[in-house]
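The values are calculated or read from the model by the stated rules, or taken from the named source; none is laboratory data. As the structure is a computational prediction, the values presented were derived from the model and not from experiment. As a convention, Cβ positions derive from the backbone with ideal geometry for all residues, glycine included, and neighbour counts pool all protein chains shown. Remember, those area values only see protein heavy atoms, side chains included, never the ligands or the DNA or RNA. Shrake-Rupley method; radii C 1.70, N 1.55, O 1.52, S 1.80 Å.
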Amino acid sequence: MFKNKTLDFYYKSNNINYSKIKLIKLLNIIKSKNIEYIINLLLNFKTKGAILLKEIILNAYKHFSRQIESQTQNVYIKNIRINKSISFKKLRPAPQGRATQIKKQFFKIILILNQAWDKR
């Protein structure tokens, strides 16, 4: 009756202090793959972005498994979005009595986890 029923789970992580371009390079590698494969893959990378993504994905997987309370074997990442969050602005003194503005941007990541199973 319910063939290929899917369940989507949204997880949002706010205020990530890392480059958006560097994160997108990692996200293109891990998009639409199994969670276990992604975690093993990210353990081999030594960058700050890989460590951040690994923690975010593990937290999302823990919340997903608590909500489902059943076998969570076929869990994969359906989609990942990076949006702009807040940006801090501060002034730094510059030569000849001027001031330069420094912008520090933060981002939020939205993960969409999906589990597909067959009920026969």
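A few points about this structure:
- Within segment 73-88, being more than 14 Å from residue 11 (Cβ to Cβ) and either in contact with a strand residue (DSSP E or B) (Cβ under 7 Å, 6 or more places away or on another chain) or of a type in the set (Lys, Arg) (or both) holds for 74, 84, 85, 86, 87, 88.
- Residues of segment 8-24 include at least one that is in a loop (DSSP other than H, G, I, E, B) and either open to solvent by less than 60 Å² (accessible area, probe 1.4 Å) or closer than 19 Å to residue 114 by Cα (or both).
- Residue satisfying condition, being within 19 Å of residue 8 (Cα to Cα), open to solvent by less than 80 Å² (accessible area, probe 1.4 Å), in a strand (DSSP E or B) and not polar (S, T, N, Q), within set 109, 38, 102, 57: 109
- Qualifying residue in segment 9-16 (condition: at negative phi and without any contact (Cβ under 8 Å) to a residue 60 or more places away in the chain): no
- Looking only at residues of segment 66-99 that are among the polar types (S, T, N, Q) and not in a strand (DSSP E or B), we find that the one that is farthest from the chain's Cα centre (by Cα) is 96.
- Breaking point among (1) in contact (Cβ under 8 Å) with a residue 24 or more places away in the chain; (2) out of contact with any helix residue (DSSP H, G or I) (no Cβ under 8 Å at 6 or more places or on another chain); (3) among the aliphatic types (A, V, I, L, M), for residue 21: (1)
- Of 49, 97, all but one fail to be among the small types (Gly, Ala, Ser) and surrounded by 13 or more Cβ atoms within 10 Å (Cβ to Cβ); the exception is 49.
- Filtered residue count, segment 44-57, keeping only those that are without any contact (Cβ under 8 Å) to a residue 24 or more places away in the chain and touching a helix residue (DSSP H, G or I) at 6+ places or on another chain (Cβ under 7 Å): 1
- Selection status of residue 65, surrounded by 14 or more Cβ atoms within 10 Å (Cβ to Cβ), polar (S, T, N, Q) and touching a residue at least 40 places away in the same chain (Cβ under 8 Å): no
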